[in-house]
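Working notes, beginning with the structure itself.
The values are calculated or read from the model by the stated rules, or taken from the named source; none is laboratory data. The structure displayed is predicted, hence computed values, not measured ones. A quick note on method: Cβ atoms are made from the backbone with ideal geometry, for glycine too, and the neighbour counts reach across all protein chains shown.
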Amino acid sequence: MGPANEGGMVDWSAALESTGGDSTLLQELIEVFLDEGPALLQAIRSALENRDGPLLRRSAHTLKGSLRIFGATRGVELAQEIESRGQQEVWDGTAELCRDLEAYMTPVIAELKTRGNG
């Protein structure tokens, strides 16, 4: 375990690094994520309800990429697991993983909103 980054969920130095130190671009990525993140979670919920493997895989994959930008490692791991379950259409235990991801995302989104409005 590295430094907890002031108790935050987002690794801001990794996030800035992922944009090559461009804070304007990072701001844009935050805004896109705040727009897309909740929509992707909704798509994941919908895919789960409808047993739609391809939608689950795509939504989790897209979310994984966004979470990686912000250094949100646990979220990346959860999204990766959900993505592979979508690909294999494995439904047993997937709802729990989706709930874990959702619970993880709540403080991430809150932190991005706070930082994004800074």
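General observations
- Residue in segment 102-118 that is in contact (Cβ under 8 Å) with a residue 60 or more places away in the chain, among the small types (Gly, Ala, Ser), assigned to a helix (DSSP H, G or I) and surrounded by 13 or more Cβ atoms within 10 Å (Cβ to Cβ) present: yes
- Members of segment 76-95 found to be without any contact (Cβ under 8 Å) to a residue 12 or more places away in the chain and more than 16 Å from the chain's Cα centre (by Cα), listed by number: VAL90, ASP92, GLY93
- Among the residues of segment 42-92, the ones that are aromatic (Phe, Trp, Tyr) and over 18 Å from TRP12 (Cα atoms) come to 1 in all.
- Every residue from segment 87-98 that is surrounded by 17 or more Cβ atoms within 10 Å (Cβ to Cβ) and either among the hydrophobic types (A, V, I, L, M, F, W, C) or assigned to a loop (DSSP other than H, G, I, E, B) (or both): LEU97, CYS98
- Selection status of GLY8, surrounded by 14 or more Cβ atoms within 10 Å (Cβ to Cβ) and modelled with pLDDT under 95: yes
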